[in-house]
Amino acid sequence: MSNDFSLSSFPQLETERLLLRETTLQDAEAIFAILCDPGVNQFNDLDTFTSIKEAIALIERRAKRLERGDAIRWGIARKQDNVLIGSCGFTWNPREHAAEVGYELASTFWRQGIMTEAMDSILQFGFKKMGLRFVVAQVMLDNIASKKLLEKLGFHSQGVLKQYGFFKGQFHDLEQFVLNK
């Protein structure tokens with residue numbers, strides 16, 4: 001992996017049930033529907049969306065981060081209808097040949113193995129195609145579902161980072177998980 005990991009085209013990934021693809025402005029309504037749910041945003045650094053404009057801005061921000069070569073975020077779409085139901089992706093740490101992972105999924109699709117399927121696919125891509133040595137995830141302490149997901153994928157807890165994250169107007173303790181190649 002180089003210091004400015006870049007792709008000639010967006011790498012679409014496919015699993016048994018899912019298409020992991022680039023999000024476009026046509027996905028704004030689907031993204032808004034996901035991120036206007038307070039349950040989805042309970043454990044992440046995003047405020048609950050109140051306007052479609054926030055979804056459009058998020059799509060544009062993610063595209064710019066990909067352009068700069070410092071992050072990639074796949075939209076998670078159902079194969080059957082190509083409708084977006086979540087996202088997952090990496091923020092690179094090129095110096096360490098590592099990345100931090102993030103994800104969210106519409107609440108109607110929780111506990112169906114969808115995020116496990118999507119994450120497994122991007123982790124394989126990260127290790128095999130990008131040459132990552134390890135992937136980090138930071139999780140709020142009360143986010144039991146996320147911890148279980150990471151453990152199922154082979155991540156191991158490295159302990160709690162006290163007052164590490166600042167979002168939604170306050171500091172949060174975060175548990176750090178790592179998956180090595």
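The values are calculated or read from the model by the stated rules, or taken from the named source; none is laboratory data. Predicted model, so just to flag it, every value in this text is computed and none were measured. So basically every Cβ, Gly included, is an ideal-geometry build from the backbone, and we count neighbours across all protein chains shown. Just the protein is used for accessible areas: all its heavy atoms, side chains included, with ligands, DNA and RNA removed. Shrake-Rupley method; radii C 1.70, N 1.55, O 1.52, S 1.80 Å.
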*Accessible surface of the chain [probe 1.4 Å, protein heavy atoms]: carbon and sulfur percent*: 49 percent
*Taking 0.36 nm per residue of separation and subtracting the Cα-Cα distance, what length does fully extending PHE10 through TRP110 add?*
33.4 nm
_For LEU18, what residues show an amide H to amide H distance below 5 Å, using hydrogens built from the backbone and excluding near sequence neighbours?_
LYS79
_Karplus-derived 3J(HN,Hα), 6.51/-1.76/1.60, for each residue of region 28-38, Hz, glycine and proline x_ = 4, 5, 5, 5, 4, 4, 6, 8, 8, 8, x
*Using a cut-off of 13 Å between alpha-carbon atoms, which aspartates and glutamates can reach LYS162, once sequence neighbours fewer than 8 places away in the same chain are excluded?*
ASP173, GLU175
*Which of PRO94, THR116, ILE34 sits closest to the plus end of the dipole of the chain, meaning its Cα is farthest towards the positive end, when Lys and Arg get +1 and Asp and Glu get -1 on the C-beta?*
PRO94
*asked:* Give me the dipole magnitude in Debye, nearest 20, for the chain about the Cα centre, with unit charges on the beta carbon: positive for Lys and Arg, negative for Asp and Glu.
replied: 400 debye
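Per 0.36 nm of contour for each residue apart, how much would the distance between ILE52 and GLN26 grow if the chain were fully extended, relative to their Cα-Cα spacing?
Taking 0.36 nm per residue and subtracting the Cα distance, the gain is 8.2 nm.
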*Rank TYR164, TYR103 by accessible area, highest first, at a 1.4 Å probe radius?*
TYR164, TYR103
*If you average the sequence gap of Cα pairs under 8 Å that are 6 or more apart and divide by the length of the chain, what percent do you get for the contact order?*
19 percent
*At R0 = 25 Å, FRET efficiency that the Cβ-Cβ distance of GLU96 and VAL160 yields, to 0.05*: 0.75
*What are the residues whose amide H is under 5 Å from the amide H of THR23, where those residues sit 5 or more places off or on another chain and H is modelled from the backbone?*
GLY75
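Rounded to the nearest 500 deg cm²/dmol, what is the calculated helix-only ellipticity per residue at 222 nm for the chain, with -39500 (n - 2.57) per DSSP H run of length n ≥ 4?
-9000 deg cm²/dmol
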*Step through the table entries LYS147/LYS181; LYS53/LYS79; LYS64/LYS129; LYS64/LYS147, compare each Cα-Cα distance with 23 Å, and write down the pairs that go over it.*
LYS53/LYS79; LYS64/LYS147
*Label-point separation (nm) for GLN170 and GLU117, each offset 7 Å from Cα along Cα-to-Cβ?*
3.7 nm
